Amino acid sequence: MKHQQFSRFGSLALCTLLTLLSIDTFDKVFSLNKLDASDSNRAIAQESVGDTIGNQVYKKASPGVVTVRTGKGHGSGFVVSEDGLIITNAHVIKPVPRGKSEKAKYNPNEFPDVVTVEFPNGESISADVRGFAKGGLDLAILKIHRKKNLTVLKLAADTTAKVDEIPAVGDRIFAIGSPLDKDNKNSFTQGYVTRIDSKKGIEHDARIMPGNSGGPLLNSQAEVIGVNTSGIGRLNSGMNFAIPVSEVKSFITDFENNDISPVSTLVSTVKKQKFFTIELDGGIIEASLTKDDYVSRDSNKFVKLYQFQGRAGQKIAIEMTSKNMNPFLTLYQQVNNDEGRSFKKLARNDDAGAGNLNAQIVTTLSKDGVYVIKASSSDRGETGDFRLSVKSQP
């Protein structure tokens, strides 16, 4: 009996204890839930603000972002002028070789002169490849014709022009492009600047993949702070790199000053100068400037070089004519000394006369020796057939 009473008492006490423990535990759980709910509300509010910013960035910038199709692949790009200048990566237009076999066959002059750019609304337009950045910088510039009032992406202010100051680590950034497939145009991702690398540019963790190359990296004001160029790993490791806006601006300035390369400079290929030996009064030479020709360092134009033996007091007339390009002639005298061989510029000519776009040089040679004719075009990257004659005059 006592045992039964004790059992009842023990059961009652245990129930009471469990009840108290349950109340205490419930209070704690409830308190924790209230904390979670509060934090969750704050997180949702922050996310809502972030989403609003992202939405504004996307709406403002996306109409000016394009997909660049080359026939062998695709990338991204963005409009920098209302009349159709577009920035993209050089490797979108001319991919770099992978492996020794591709590098052995690599020819920087082989790339499409015209590509297709597609806008978010599905409109496709042809664009000329106008040139590439010098010094191995992975940038190219395209030009659409007969198009006005395009949406232009504003380039972020860069008063310092220093890569380590704009932007800053921790800044929120956004990327727009066409990852993996050309039909994935205007995919939008976001992240943060994770590091500023003096060589690789802006490191960030916004998700980008092959196809994003050439697309803009944007700040919270929808301004371009860089050009997405590369990432670690095909499936994206969160280590991605963009060329800073300071270099983009310099490239555009170089373009305006006609100081860009006609071919990609991503892969260093040293092409030797080749001299063709000719004779005075040897008849008309028929030849062509092609993308396989030597590129002059001083003008970045395709050239052919001809050498001949001249005499002091000899008057000569050099003429270069063409029906499909604008000829340009330069005459040099070869100078040999203890330091080696050099060339002294004597004369040059773009137009033979008013209304005559052919080139002509008439001069009297001052010394016996070797003279060199540089036959090229007035326009960078221009190719075409030409006729060259070198005659002595009485």
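We did not get these values from a lab; they are worked out from the coordinates using the rules stated. Just so it is clear, the model here is predicted, and its values are computed rather than measured. Neighbour counts run over all protein chains shown; Cβ positions are idealised from the backbone, glycine included.
With all pairs of different C-alpha atoms in the average, the Kirkwood value for the hydrodynamic radius of the stretch 64-256 is 16.5 Å.
For the stretch 275-393, just run the numbers: alpha carbon Rg, then divide by 2.2 N^0.38 Å, N being how many residues it has. Walk me through the numbers on the way to the answer.
Numbers: Rg = 13.8 Å, N = 119, 2.2 N^0.38 = 13.5 Å.
Against the empirical 2.2 N^0.38 Å value, I get 1.02 for the stretch 275-393.
If you take all other residues with their beta carbon under 11 Å from the beta carbon of Glu286, and give Lys and Arg +1 and Asp and Glu -1, the sum is 0.
Among 281-288, 318-325, 127-134, what's the highest-first ranking by average C-beta atoms within 10 angstrom per residue? Don't jump to the answer; show the numbers that get you there.
Numbers: 281-288: 12.2, 318-325: 18.2, 127-134: 21.4.
Per-residue mean Cβ counts within 10 Å order the peptides as 127-134, 318-325, 281-288.
Label sites at Asp379 and Met239, each approximated as a point 7 angstrom past Cα along Cα to Cβ, lie 4.4 nm apart.
Listed peptides 83-94, 184-195 appear in the order 83-94, 184-195 once ranked by packing, highest mean of other Cβ atoms within 10 Å at the front.
Using the beta-carbon distance between Lys147 and Lys323 and R0 = 35 Å, what value does 1/(1 + (r/R0)^6) give for FRET efficiency, to the nearest 0.05? Each step should come with its number before you reach the end.
Numbers: r = 30 Å, r/R0 = 0.85.
Computed FRET efficiency for Lys147 and Lys323 comes out at 0.75.
Each Cα pair under 8 Å and six or more residues apart adds its sequence gap; the mean of these over the residue count of the stretch 275-393 is a relative contact order of 42 percent.
Can you tell me the FRET efficiency between Ala104 and Thr290 if r is taken as the Cβ-Cβ distance and R0 is 30 Å, rounded to the nearest 0.05? Provide the component values of the computation, followed by the final result.
Values: r = 20 Å, r/R0 = 0.67.
Result of the calculation: an efficiency of 0.90.
In this simple spin-label approximation, Val169 and Asp351 carry label points 7 Å from Cα along the Cα→Cβ vector, and these lie 5.7 nm apart. The ranking of Leu357, Leu218 from fewest to most other beta carbons within 10 Å of each one's beta carbon is Leu357, Leu218. Applying the Karplus parametrisation 6.51 cos²θ - 1.76 cosθ + 1.60 with θ = phi - 60° to the phi angles of the stretch 131-138, what ³J(HN,Hα) value in whole Hz is obtained for each residue in order, glycine and proline being reported as x? Couplings: x, 10, 6, 7, x, x, 6, 7 Hz. Normalised by the number of residues in the stretch 112-162, the average gap of Cα pairs under 8 Å and 6 or more apart makes the relative contact order 23 percent. What is the local net charge at Leu305, summed over the other residues whose Cβ is closer than 9 Å to its Cβ (Lys, Arg +1; Asp, Glu -1)? Result for the local shell: +3.
Fewest-first ordering of Arg387, Arg311 by other beta carbons within 10 Å of each residue's beta carbon gives Arg311, Arg387.
Put the Cα centre of the stretch 359-386 next to the Cα centre of the stretch 83-160 and the gap is 32 Å. With a Förster radius of 56 Å applied to the C-beta separation of Phe276 and Ile232, the computed FRET efficiency comes to 0.70. When only Cα pairs below 8 angstrom with a gap of at least 6 residues are kept, the stretch 64-256 shows a relative contact order of 22 percent. Each label point was placed 7 Å from the Cα along the Cα-to-Cβ direction; for Asn184 and Asn55 their separation is 2.5 nm.
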